[in-house]
Structure formats: structure tokens, C-alpha cells
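The values are calculated or read from the model by the stated rules, or taken from the named source; none is laboratory data. As the structure is a prediction and not an experimental result, all values here were calculated from the model. No Cβ is skipped: glycine too gets one built from the backbone with ideal geometry, and neighbour counts run over all protein chains shown. The area values use the complete protein model at the heavy-atom level, side chains included, leaving out ligands, DNA and RNA. Shrake-Rupley method; radii C 1.70, N 1.55, O 1.52, S 1.80 Å.
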Amino acid sequence: MNEFGPSSLRSLNMYQSIRLSVGFVLCAVVLTGCSAIQDYSSDTCDGRKPVGSLEQAGKDLVTAAYAQDRAGICRVTAPFPDGDLDDSMVTATREILVERGINPQNVSVEIGEQFGSAIAVHLTDGSQREDRKLNVGDTMVRDAGFTIGLPPEVYPEIPEHPASQSASTEDTR
């Protein structure tokens, strides 16, 4: 007669089902590279995964600026130290774009040199005119995508740390 009774076979089947389920879960986590649990809050303004290309980031920035869409701009930009994206920065970005003739229909994204994770990026109106180029810079985020900056002049001044002020004004006789 079989040494395993009906209750032993049920226990064995349940044990095998649990092992199989745990195995599937572990495989799924390994295959996705834990991307479902990645945190981008220090990399993107809205904390979501960055956009997939520099071109998309540039075009989305211009479109959002023209629409006065702070959340749209936050979607493609990186957070900056000691500050939050505010409506005045959105308005200033739009004004600069208008001044340079850059709009959602004609925006062109020019990609320059890469310096580590930083990439030189300019937005233009599609022309080759230097006075129309707008330096916005860009950052590659851990092979996950890209964020783009705002025009440098729209960021608020960040006061120097008192220690660095005293070091810069030290008497050097």
C-alpha cells in the first residue's frame, strides 16, 4: 500500500504550488529589474520615470510652457536645490521662448556634447541663427530616460553658504 495517505498528498501538492508561485514571483522581479519599485523623486520634478528621449523632453517642455502647464513642465524637468517650480518660472520660460521665436510647431532640439550624465542641449526655432538658440541642458537619468532644464535665467538666485562667502572675501595679502 502507498505510504502517503490522502492528507499527505494534499500537503505535498500545496507545498509544490507554493514553491511554484514563489518561483514565478522571483522570476518576475528579476526580469523586470525591480523597475516597478524605482524611485525617481530626486531625478525628476514629478518623481516619475523620466521621458525616453531628448527630443521628447524638449518638445514637451515647449508645449507645456506655451500652455502655462506647470505639471507638464515638471514632467520633463529635474528638481533643483532649494526650490520648487512655480508659476513665475513657467511664465518666464514661455516669455523667453516667444522672444526667441520657438514654439510647439517649430521647435528643434539640438544635442551637443555629453559630460558624464549632463548633455549640452539647445532649443531652436529650426533656423541656424545663433541668437535664436536657447541653452537648456539635459541630464541622462541612470539609463532610464532624460530630463531637461529650464533656461538658466528663470531659476531663482540661491544664496551662497556663509562659509563660502567668507572664503571668497578673505584677505590674500
*Filter region 79-136 down to residues that are open to solvent by 80 Å² or more (accessible area, probe 1.4 Å), assigned to a strand (DSSP E or B) and either closer than 18 Å to T44 by Cα or in contact with a helix residue (DSSP H, G or I) (Cβ under 8 Å, 6 or more places away or on another chain) (or both), then give me how many there are.*
1
*Do you know which of the residues in region 45-78 that are assigned to a helix (DSSP H, G or I) and of a type in the set (K, R) is nearest to the chain's Cα centre (by Cα)?*
R75
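Considering each of V90, V76, V107 in turn, give the residue that is aliphatic (A, V, I, L, M) and under 18 Å from D131 (Cα atoms).
Working: V90 fails: under 18 Å from D131 (Cα atoms); V76 fails: under 18 Å from D131 (Cα atoms).
Result of the check over V90, V76, V107: V107.
Given the residues P151, P156, which is the only one that is at pLDDT below 90, surrounded by 11 or more Cβ atoms within 10 Å (Cβ to Cβ) and not polar (S, T, N, Q)? Reasoning before the result, please.
Working: P151 fails: at pLDDT below 90.
The match here is P156.
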